[in-house]
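Trainee: I have a structure here, written as structure tokens, and I will follow up with some questions on it.
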Amino acid sequence: MYVVHYFENKNLLLTRLVESLPAVDEAIKVKGRKGKVIKITEVDEKNVHIQVEVDRIVKKKVIDDSKKRRR
């Protein structure tokens with residue numbers, strides 16, 4: 001059992017107790033967001049720090065309907 005700390009640019013995303021460690025370049029989901037493992041650092045035999053690159057969420061722009069007539 002390992003204590004895994006997921007980081008994104010020095011920001012702690014999640015701490016999880018797991019049985020197996022993910023590999024580098026493996027696709028993972030953290031807090032419902034898709035990401036990719038960049039780097040794995042073993043602090044000691046039980047603690048592991050994992051650097052993750054999370055995919056950015058593309059937000060759609062709201063269409064301005066102010067020109068429509070109200071009834």
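Trainee: Scan segment 1-14 and report the pairs whose first residue is over 13 Å from ASN47 (Cβ atoms) and touching a residue at least 24 places away in the same chain (Cβ under 8 Å) and whose second residue is β-branched (Val, Ile, Thr) and crowded, with 17+ Cβ neighbours inside 10 Å, with Cβ atoms within less than 8 Å and a gap of 6+ or a chain change.
Mentor: The qualifying pairs are GLU8/VAL52; GLU8/VAL54; LEU13/VAL52; LEU13/VAL54.
Trainee: Moving on to the next point. With (1) surrounded by 12 or more Cβ atoms within 10 Å (Cβ to Cβ); (2) within 17 Å of the chain's Cα centre (by Cα); (3) polar (S, T, N, Q) as the list, and ASN47 as the residue in question, which single condition is left unmet?
Mentor: Result: ASN47 fails condition (2) only.
Trainee: So, one more: Please identify the pairs in which a residue from segment 40-52 that is of a type in the set (Lys, Arg) has its Cβ atom under 7 Å from the Cβ atom of a residue that is at pLDDT below 95 and not in a strand (DSSP E or B), counting only partners at least 6 apart or on another chain.
Mentor: That search, which allows pairs on different chains as well, returns nothing.
Trainee: Further question: Scan segment 23-32 and tell me whether some residue there is touching a residue at least 24 places away in the same chain (Cβ under 8 Å) and not aliphatic (A, V, I, L, M). Can you show your working first?
Mentor: Of the residues in segment 23-32, the ones touching a residue at least 24 places away in the same chain (Cβ under 8 Å) are 28, 30.
Adding the requirement that they be not aliphatic (A, V, I, L, M) leaves none.
Scanning segment 23-32 turns up no residue that is touching a residue at least 24 places away in the same chain (Cβ under 8 Å) and not aliphatic (A, V, I, L, M).
A quick yes/no check of all residues on (1) touching a Gly at 6+ places or on another chain (Cβ under 7 Å); (2) closer than 13 Å to VAL4 by Cα:
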| site | (1), (2) |
| --- | --- |
| GLU19 | no, yes |
| VAL30 | no, yes |
| ARG33 | no, no |
| VAL37 | no, yes |
| THR41 | no, yes |
| HIS49 | no, yes |
| GLU53 | yes, no |
| LYS59 | no, no |
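Trainee: I want to confirm something. Restricting to segment 15-32 and keeping residues that are modelled with pLDDT of 90 or more and under 8 Å from the mean Cα position of the chain (by Cα), which single residue is nearest to GLU45 (Cα to Cα)? Spell out the reasoning first.
Mentor: First, the residues of segment 15-32 that are modelled with pLDDT of 90 or more: 15-29.
Cutting the leftovers down to under 8 Å from the mean Cα position of the chain (by Cα) gives us 28-29.
On the way: ILE28: 22, LYS29: 24 Å.
The extreme case among them is ILE28.
Trainee: For segment 32-51, how many residues are at positive phi and hydrophobic (A, V, I, L, M, F, W, C)? Break it down stepwise before answering.
Mentor: Initial filter on segment 32-51 (at positive phi): 32.
The next check asks that each one be hydrophobic (A, V, I, L, M, F, W, C); those that pass are none.
Residues that pass the stated criteria total 0.
The values are calculated or read from the model by the stated rules, or taken from the named source; none is laboratory data. In this text, all values refer to a predicted model and were calculated from it rather than measured experimentally. Note: ideal-geometry Cβ built from the backbone for every residue, glycine included; neighbour counts use all protein chains shown.
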